[in-house]
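This structure is in structure tokens; I'll ask about it shortly.
Laboratory data are not the source of any read-out in this text; all were calculated from the coordinates shown. Quick caveat, the model's predicted, so the values are computed rather than measured. Here the Cβ is made from the backbone with ideal geometry for all residues, glycine too, and neighbour counts use every protein chain on show.
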Amino acid sequence: MTEDWKKDLLDRRCAYQPPAAPPWRDFAKKCTSDPLTLSPGQPDTTGEKAASFVPKKEHLDVVRAALFLRRPVLITGAPGLGKSTLAHYIANELNLGPVLKWAITSQTRLRDGLYQYDAVARLQELQRRQFDDELKGKAPTAEDEGRFFTLGPLGTALLPWERPRVLLIDEIDKSDLDFPNDLLHVLEDGYYEIPELRRLPEELSDIPVDTADPDDWRQTCTVSRGRLQCLEFPLIIMTSNGERDFPPAFRRRCLPLPLGFPSQSDLAAVLASHFQVSATDSDVESLARDFAERLQNGDNLATDQLLNQFFLRRQEIAGLDDHIVRDLNLPDTAGSDAAS
């Protein structure tokens, strides 16, 4: 894979440098908060497959355009084609830290991705203060209030990071009908508010809140008057299995990236990358050819099944029942029905 796609995104130290933003997407002009530091050498340990992922040039060109335009990428395609792995690949290649992941269901609401607020725990704490002699009469501090809030993956991505975070919004087509339009407003403005913090007294204007990062990466950021504004727009990669259409206004503001079925050569490259073998290896060629034919014939297969099959063949496990190998490679008929 050529590295030309990122030559204008990296400096000589291989640290990502956000390109100049379009005037209508220049969020730095609106941000008054101090930048949050993102260490350039921290790997994305949450995406194990990214190291052996083989993206196509056209996929990287779309991502590159999204980084320049400050727009989300909407990837559509059948399950198992590596849609979510692309996010981890980009995070690793550009040293943008761990990917923030937001899995969507039919019950997901916009606030779930922005922040979580434990109102019951806060009420219990206020009641406890009424009967605790040491705390009676003492007003809660900013640290006390911050304990009841945690930013979600979208909320964390929209913090004033000096370099953009990568946010994976997985299976957005599972959301309810209103969700894409609700999300659109936040993505257009690059900021959001936490009403519960905005209503606090003036002396509690700056509240420390934890991010949605993994434990070894979690930071505490300061939320001023309940408002958070991004400095650099995050790289947002949304995946869809193509099970529904999205509103025109939402589609218009995303860069589309449809994924077709991989060819035999694509599948051979995947096997070669994962197992450090030649793409012209006889086992690689035969498995890639058979798998590609099954995909073209309409079988709903995931590339994980190809990897399983190759691994078992190379291990030469004696006495393994044929039905186990067969079951590992059955198409997902339920997924096919849903997709149709």
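Just to verify a number: FRET efficiency for residue 119 and residue 34, C-beta to C-beta distance, R0 = 45 Å, to 0.05?
FRET efficiency, residue 119 to residue 34: 0.95.
To the nearest 0.05, what FRET efficiency results for residue 126 and residue 205 with a Förster distance of 22 Å applied to their C-beta separation? Working shown, then result.
Numbers: r = 20 Å, r/R0 = 0.89.
Between residue 126 and residue 205 the formula returns 0.65.
State the three equivalent ellipsoid semi-axes of region 203-311, derived from the C-alpha gyration tensor as the square roots of 5 times its eigenvalues, in descending order and whole Å. Present the calculation step by step, with values, prior to reporting the outcome.
Details: eigenvalues 379, 91, 25 Å².
Value: 44, 21, 11 Å, ordered largest first.
How big is the charge dipole of the chain about its Cα centre, in debye rounded to the nearest 20, if each Lys and Arg gets +1 on its Cβ and each Asp and Glu gets -1 on its Cβ?
Charge dipole of the chain: 1100 debye, to the nearest 20.
In addition: For the pair residue 170 and residue 263, how long in nm is the line joining their label points, each one 7 Å along Cα→Cβ?
Reported label-point gap for residue 170 and residue 263 is 3.0 nm.
Sticking with this structure for a sec: Under a plain spin-label model, where a point goes 7 Å from the Cα along Cα-to-Cβ, how far apart in nm are residue 57 and residue 276?
Modelled inter-label distance: 2.9 nm.
Please work out the Cα center distance from region 49-92 to region 196-255, rounded to the nearest Å.
So the separation of the two Cα centres works out to 21 Å.
Turning to a different aspect of this structure: Can you tell me, using C-alpha contacts under 8 Å and at least 6 residues apart, the relative contact order of the chain as a whole percent? Please list the in-between numbers first.
Values: 555 pairs, mean separation 76.6, N = 340.
Relative contact order comes out at 23 percent.
Still on this structure: Separation between the residue 302 and residue 225 pseudo-spin-labels, each 7 Å from Cα along Cα→Cβ, expressed in nm?
In this crude spin-label approximation the distance works out to 4.7 nm.
What is the extension gain from residue 21 to residue 255, computed as 0.36 nm multiplied by their sequence separation minus the C-alpha to C-alpha distance, in nm to one decimal?
Going from the current span to full extension adds 82.6 nm.
Around residue 29, under 14 Å between beta carbons, what's the net of Lys plus Arg minus Asp minus Glu among the other residues?
Numbers: positive: 25, 30, 70; negative: 26, 189, 232.
Taking every other residue near residue 29 into account, the sum is 0.
For every helix of n ≥ 4 consecutive DSSP H residues, a contribution of -39,500 (n - 2.57) applies; sum these over the chain, divide by its total residues, and give [θ] at 222 nm rounded to the nearest 500 deg cm²/dmol.
Per the formula, -10000 deg cm²/dmol.
Just to check, using Stokes-Einstein with a Kirkwood Rh over alpha carbon pairs, what's the diffusion coefficient of region 4-258 at 25 °C and 0.890 mPa s in µm²/s? Before the final figure, lay out the partial values.
On the way: Rh = 19.3 Å.
D = 127 µm²/s.
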